[in-house]
1. Anything in segment A:42-59 that is touching a strand residue (DSSP E or B) at 6+ places or on another chain (Cβ under 6 Å), away from chain B (no Cβ under 13 Å) and either of a type in the set (A, V, I, L, M, F, W, C) or without any contact (Cβ under 8 Å) to a residue 40 or more places away in the chain (or both)? List them, or say none.
2. Restricting the search to segment A:1-41, which residues are farther than 15 Å from residue B:460 by Cα and either within 14 Å of chain B (Cβ to nearest Cβ) or surrounded by fewer than 18 Cβ atoms within 10 Å (Cβ to Cβ) (or both)?
3. Mind counting the residues in segment B:444-466 that are more than 14 Å from chain A (Cβ to nearest Cβ), surrounded by fewer than 24 Cβ atoms within 10 Å (Cβ to Cβ) and assigned to a loop (DSSP other than H, G, I, E, B)?
4. Could you tell me which of the residues A:30, A:36, A:60 is touching a helix residue (DSSP H, G or I) at 6+ places or on another chain (Cβ under 7 Å), modelled with pLDDT of 90 or more and small (Gly, Ala, Ser)?
5. Considering segment A:78-129 alone, what residues qualify as being within 30 Å of residue B:485 (Cα to Cα), in contact (Cβ under 8 Å) with a residue 60 or more places away in the chain and more than 8 Å from chain B (Cβ to nearest Cβ)?
6. Report whether or not residue A:135 is touching a Gly at 6+ places or on another chain (Cβ under 9 Å), at positive phi and at pLDDT 90 or above.
7. Pick from B:416, B:412: which is away from chain A (no Cβ under 14 Å), surrounded by fewer than 23 Cβ atoms within 10 Å (Cβ to Cβ), assigned to a loop (DSSP other than H, G, I, E, B) and charged (D, E, K, R)?
8. What is the residue count in segment A:74-109 for residues that are modelled with pLDDT under 90 and within 18 Å of residue B:248 (Cα to Cα)?
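The values are calculated or read from the model by the stated rules, or taken from the named source; none is laboratory data. Computed from a prediction, not measured in an experiment: that's the story for all the values here. So basically every Cβ, Gly included, is an ideal-geometry build from the backbone, and we count neighbours across all protein chains shown.
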Amino acid sequence: MTIAGSRASGHRVLRRDVDRVVEAWGPDRAVCIAEALRALVETFADVPDEVATRVLPIGAGASESPDALVGLLEEVIYVVDVFGMVPVRFHLGIADDGAVGGDMEVVPLQRVKLNGPVPVEVSHRDTSMHRRGGGWRCQAVVGV
Amino acid sequence: MDSDSTRAGGSGTRGKGGTGADVPAEHGTHASTARGTLAAGSGRRAAEGATGLAPVDLVQETPVRWRIEPTGPMRVPGIVFASQALLPDVVSDRSLVQVQHVATLPGIVEASYAMPDVHWGYGFPIGGVAATDVERGGVVSPGGVGFDISCGVRLLTSPLARDDLDGRLPALMDELDRRIPRGLGRGAVWHLGTEDELAAVLRDGSRYAVARGHGVERDLEHCEDSGAVPDADVAAVSARALQRGMAQVGSLGSGNHFLEVQVVDRVDDPATAAAMGLHQGMVCVMVHCGSRGLGHQICSDHVRTMLAAMPGHGIAVPDPQLACAPVHSAEGRAYLGAMAAAANYGRANRQLLTAATRQAFAAVLGTAALDLLYDVSHNLAKLEPHLVEGDARMLCVHRKGATRALPPGHPDLPDDLRTTGQPVLVPGSMGTASHVLAGVAGGGAFHSTCHGAGRAMSRHAAARRIRGGELRRQLADAGIAVRALSDRGLAEEAPFSYKDVDEVVATCERAGLARRVARLRPVGVVKG
């Protein structure tokens, strides 16, 4: 298991046989989900500390259910699979209607060192998105 | 219960978890290999309370067949095919709980089956077979097919013998390395020009590929469904799925997918092998891959749709990954149409890799005469007529990590394989062996059998145990040339991380699911 961040916000990854469990926490839903997206990328790539070449929009519905989390994780998988781009930084916020969205800085796949198989799907089992203490926690399972 | 029966009972102690990590299992099973032993249940039962299912309790019916009696919402029993040697592997994860879950699906008939290579999957176990009665509210479930729709195997035979590769195998492997795209962002053999071309691939599968010059007519005769599943519905495929499919026709992908140069090293059934065109020492090529990102996206899309639709159909399932809808519902029809499109994509994918392989053989060995023995999926749902309690019924047969195995004489077989039964292609790990089986008369589980060795160790654990470079050297010492994109990916697929494929296929034979025809060992491996 790898853990990154602080008590206020962070994420961890549990590597299993056919999937990865990503867990994240943050003071609000946007930070929490952004941490989960970072965790997703770290399941397969060492994120380079370099300037991104492009910025792509990312967004999901207003629901506080895990659906928004699943949708955004699938967005990352899609960008990697179709465009060959790896998100290295996420900038998310919460709109007035409650929707989580923003943008992500991406770099070409060739500039990233892969450290494991790239996830190909997000499971609808064992996903969660809930308030805990003064903040939010979420969990998702991604297949590889 | 028969007093002579053996039981392997629920335990639920801290286990490896269904997915190979050191996490607490929801509730587990415990293997007992001593006859008459009942292992005491002692674990967490929260999930049992939620689902109404009793702990898994295996009752032995034959040396290779075990039964899980229906409890709670189970509509049919679970039937597990496993030898005593495989039983610890079979019960070491949560896959048998998943067998119970599948038995709750509306319209399921006969049993929820587990093949000898069963292991944990999303919703359905990998190595699971379940059929629902289409006219009696039977459902179709994307989880019963899997994310990699129509993942499957094809085997090509060649006019070459092992000796013909002497001194030329490295050059052949280099050529295959160059011509077989795999891994992330590495492109594909076929650069589709337009969305109309992609739509044609989705409708006509291998037939379209062959029509465009990427194969010969005989390839289609030896492909399941003659190269294309009927009734593909391109309109049921999302724009995102289409985008993911646009640039991947003719690519292996990664993970356990591979292209191998193999040699027939043992013939188990000489007459059948001869009828299939196999003989000792023959060089063959096996291709294992699926429908790439398009299939995954279709599965994701339709699981989401069905999760939303289930309450309207009055359906509740014990695991959201078992999301389903009646075959005759709008959601059921849409999924089957999209699934057929993905299946056709998978077949076209394998057809394009076949064309690239023929080019490599021609360039290095001077022959492109690679004949397709057969191409069969092991992740698919099909509408098939079967007898259920003596009545002819139309069933939706889900095979996830399981292979259809039609018996001799079946009308869907090509003429030259009509007497042999359907070839079943069972890939093992890259350091061991693969097998060709044949369907048998009276084969159980709706004419289904195993699909591979099945993992026995997590990818992570395998990668910790050996480095890719060391494994590459070991395989080279064993006469196996490897062309892998990444050392880590290679280590994750180390032979020791898989079950004994010889035991898996022997168990299938003993269980009357198929019979062994020939064994093949790899001499060259191309992997992502």
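1. A:47, A:52, A:55, A:56, A:58
2. A:3, A:4, A:5, A:6, A:7, A:8, A:12, A:22, A:23, A:27, A:28, A:41
3. Adding up the residues that qualify gives 1.
4. A:36
5. A:104, A:111, A:112, A:113, A:119
6. No.
7. Values: B:416 fails: assigned to a loop (DSSP other than H, G, I, E, B).
Criteria check complete, one pass: B:412.
8. Residues in segment A:74-109 being modelled with pLDDT under 90 and within 18 Å of residue B:248 (Cα to Cα): 5 in total.
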